[in-house]
Each structure stands twice: as C-alpha cells, then as structure tokens.
Amino acid sequence: MDFWAWLILITKVLAIFVLFALAPLVLVLAERQILGRLQSRYGPNRVGWSGWLQTAADGLKLGIKEDMMPAGSDKGIFWFAPIIMVMPAMAAWAIVPFGPTVELGRSIGLWIADLNVGVLYFLAMGSLGAYGVVMAGWASNSKYAHFGALRATAQLISYELVLGLGVLAVVLYSGTLSLVDIVDAQKGLWFIVPQFVGFLLFLFAAVAETNRAPFDLPEAETELVAGFHVEFSGMRWAFFFMAEYANILLMSAVITTLFLGGWHGWTIPGAEGLTSVFWFLLKTLTFVFLFFLFRATLPRFRYDQLMNFCWKILIPIGVVNLIAAAGLRIVWS
C-alpha cells in the first residue's frame, strides 16, 4: 500500500479506538437516564449539569482505585482475563461497514476490512470473548466467580448455536459471507422482511452474548454477587464494563448490517456518504435503546429456563427456519 492508503487505514483504526473508548461512557450515562425515566425514578442528577458528568467521575474513580488481587488466585490468568474480554470486542469492529464507498480524492470504503469470511470472523470474535469470562471465574479463587464462569460456558454453547442459525439464513439469501456484500444485497429489500424469524433468533442470542438482562446469569447479583468479575476492582473491572457496552454497540451494528439494510435509507443528493452514516447510526442506536428497554422491563430468567428456551424452543425454530430459507433459495434461483 502507498502512503495515503496507510494513512487512511490508520485513521480508521484510530476512529474505532476512540469510539471503543468513549462509547461506554456515553452509553452508561444514557442507560441510567433512560432507566430512570422508564421506571419513574431519578437517574444521575448530581455530578455536573443534570448529572452529565457522572460517568466521567466514575471513570476517574476507577482509575485511581486500588487494584486488588485475591489470595490464592492464579495471578497470570487473573491479569490477562480482562484483556481477553476487551480485545475481541474491539477487533470485531474491523469488519463492520459504517457506510458505502465515498469519493474523497480516491475511493474510500467506510470500513476497516471487507473480509470475504466476515461473518465467520464475527462469530469467532464473539466466541473468543467467552474465554475472558471463563478465565476470570477460574482465576479468582471464588465460588461465586466460578459459578458465573460455568454459567457463561453453558450459555455460550446454547446461544452461539442460535446466533449461527440466525446468521446462516441471511448468508443463504445473500450468497456471501462479506458484511459489505450482505448490505449491498439489501438495496431493494431488507432481510428483516423475508427473515423476520432469523432476526428474532439473532436478537435473542445477541442479548445473551452480551450478558444482558434477562440473560445476565453469569453476573446475577441476587445469586452470585457479581458473578465472574466479583473479585475484580479498579481498571481491571472497568475493562469488563467497557467490553460489555462495546459488545452492545457491536451487536446492534451487526443486527443493522444483517437485517436492516445497513447504511441504506433516503439520501440527500451530494451528501450520500454523510446521510448513509446517519441512517446506520440511527438504526444502531435504536437497537441499543432496545437493549436498555429489555433491562428495564424483563425479569431475569432462571438458569434452567434459559437452557430450555435455547435448546427446546429457539434451536428447533432456527433449524426449521434454515431449511425453509434453503428451500426458498432453491426455488428463487
């Protein structure tokens, strides 16, 4: 690559890094305010104007808080577990297309990498993040953390199958594993229309993937205090927090890409790139709000309920949906 190609690539990577670093601060504040309104109570309203500096104060507190490590813990794994949580969450953003190719002196695609196996890369990064949960629970030398890690392992086996079944139906319709090509295939019809069942499967699995209510069993504070990260403090705990909210944003962006046409929407002549990014962000933030709404309204599933829901309901539905999608694909072709 020439100098300008390297400069563009580095700029894209830095933009994703800034998004990854700042998104948790903004999303935490937004979630607190939204939950307060939905549940008829006050959200943060003390630090800064109407509480807008609350998450900045929380970040400063975590930065200067003492870093504790339990006696009897596996120090190497304990140190490495938060990094394993953060790295896949950040790396998965490399394949998310924010918009189309724009002309700024040269053709620039609004994504870091257009992999021809982008869907497989996304699934692989999601699976790697579970290792951080398991490592954190194992290394903490705590029964609560250990139980949380075991629950995360069981959830992984369950919801990853559902997630894959939802994605495979989209792959059948588009005929490609590239996320950019999947978006291009939705110019006329978004895949949520022919694959509404696959959309629901992916949405349920995405909530479980991010350990969010009502599928937050690895953390379940009423049963496990804080679950797999109960022994972590300071910036190590902040890494888990950053990974969770980065994954919420990532899952919302991937749902937008796979089922809602990505950046497609009404465009303004002469500003196609800007309006495309606007539509992508609007759709993504809509699903982020849906994640917050789930937390405000739905009670936590019991462990056995989640297993039954995945294995006895979602997976059979996903298999039937995949067979139906394959049949329709054959008929249309």
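The values are calculated or read from the model by the stated rules, or taken from the named source; none is laboratory data. A quick note: this is a predicted structure, and the numbers were derived from the prediction, not measured. We place every Cβ from the backbone using ideal geometry, glycine too, and count neighbours over all the protein chains shown.
Results, tabulated for the structure shown:
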{"item": "Residue pairs meeting the criteria (Cβ under 7 Å; at least 6 apart or on separate chains; first closer than 15 Å to Val197 by Cα, in the stretch 161-183; second of a type in the set (Asp, Glu))", "result": "Leu163/Glu209"}
{"item": "All positions within the stretch 138-176 that are of a type in the set (Gly, Ala, Ser) and on the phi > 0 side of the Ramachandran plot", "result": "Gly175"}
{"item": "Enumerated helices (runs of 4 or more DSSP H) restricted to the stretch 258-333, each holding at least 3 residues that are closer than 25 Å to Val26 by Cα", "result": "272-297"}
{"item": "Leu200 part of a loop (DSSP other than H, G, I, E, B), modelled with pLDDT of 85 or more, of a type in the set (A, V, I, L, M, F, W, C) and farther than 21 Å from Val117 by Cα", "result": "no"}
{"item": "Candidate set from the stretch 16-60 (those that are β-branched (Val, Ile, Thr) and under 24 Å from the mean Cα position of the chain (by Cα)); member that is nearest to Ala91 (Cα to Cα)", "result": "Ile16"}
{"item": "Candidate set: the stretch 45-82, residues that are in contact with a Leu (Cβ under 9 Å, 6 or more places away or on another chain) and either under 21 Å from Asn141 (Cβ atoms) or of a type in the set (Val, Ile, Thr) (or both); chosen: the one surrounded by the fewest Cβ atoms within 10 Å (Cβ to Cβ)", "result": "Val47"}
{"item": "Residue match in the stretch 143-164 (condition: under 18 Å from the mean Cα position of the chain (by Cα), assigned to a helix (DSSP H, G or I), closer than 14 Å to Ala92 by Cβ and at pLDDT 90 or above)", "result": "yes"}
{"item": "Filter result (under 26 Å from Gly166 (Cβ atoms) and assigned to a helix (DSSP H, G or I)) within the stretch 206-226", "result": "Ala206, Val207, Ala208, Glu209"}
{"item": "Given (1) surrounded by 19 or more Cβ atoms within 10 Å (Cβ to Cβ); (2) closer than 25 Å to Thr256 by Cα; (3) touching a residue at least 40 places away in the same chain (Cβ under 8 Å), number of the condition Ala145 does not satisfy", "result": "(2)"}
{"item": "Cross-chain or 6+ apart pairs with Cβ under 8 Å, the stretch 78-106 first and in a helix (DSSP H, G or I), then of a type in the set (S, T, N, Q)", "result": "Phe78/Ser140; Ala89/Asn247"}
{"item": "Candidate set from the stretch 265-290 (those that are touching a helix residue (DSSP H, G or I) at 6+ places or on another chain (Cβ under 8 Å) and at pLDDT below 90); member that is nearest to Gly59 (Cα to Cα)", "result": "Gly265"}
{"item": "Number of the exception - Gln33 against (1) modelled with pLDDT under 85; (2) buried (at least 19 other Cβ atoms within 10 Å of the Cβ); (3) more than 28 Å from Leu177 (Cβ to Cβ); (4) not aliphatic (A, V, I, L, M)", "result": "(1)"}
{"item": "Selection count where residues are without any contact (Cβ under 8 Å) to a residue 40 or more places away in the chain and within 13 Å of the chain's Cα centre (by Cα), scope the stretch 109-123", "result": "0"}
{"item": "Selected residue (criterion: farthest from Ile10 (Cα to Cα)) from residues of the stretch 107-142 that are small (Gly, Ala, Ser) and touching a strand residue (DSSP E or B) at 6+ places or on another chain (Cβ under 9 Å)", "result": "Ser107"}
{"item": "Which numbered condition Glu223 fails, given (1) modelled with pLDDT of 90 or more; (2) surrounded by fewer than 18 Cβ atoms within 10 Å (Cβ to Cβ)", "result": "(1)"}
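Residue-by-condition table, conditions (1) part of a helix (DSSP H, G or I); (2) more than 19 Å from Ala246 (Cα to Cα):
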| site | (1), (2) |
| --- | --- |
| Leu9 | yes, yes |
| Ala21 | yes, no |
| Val26 | yes, no |
| Ala30 | yes, no |
| Met69 | no, yes |
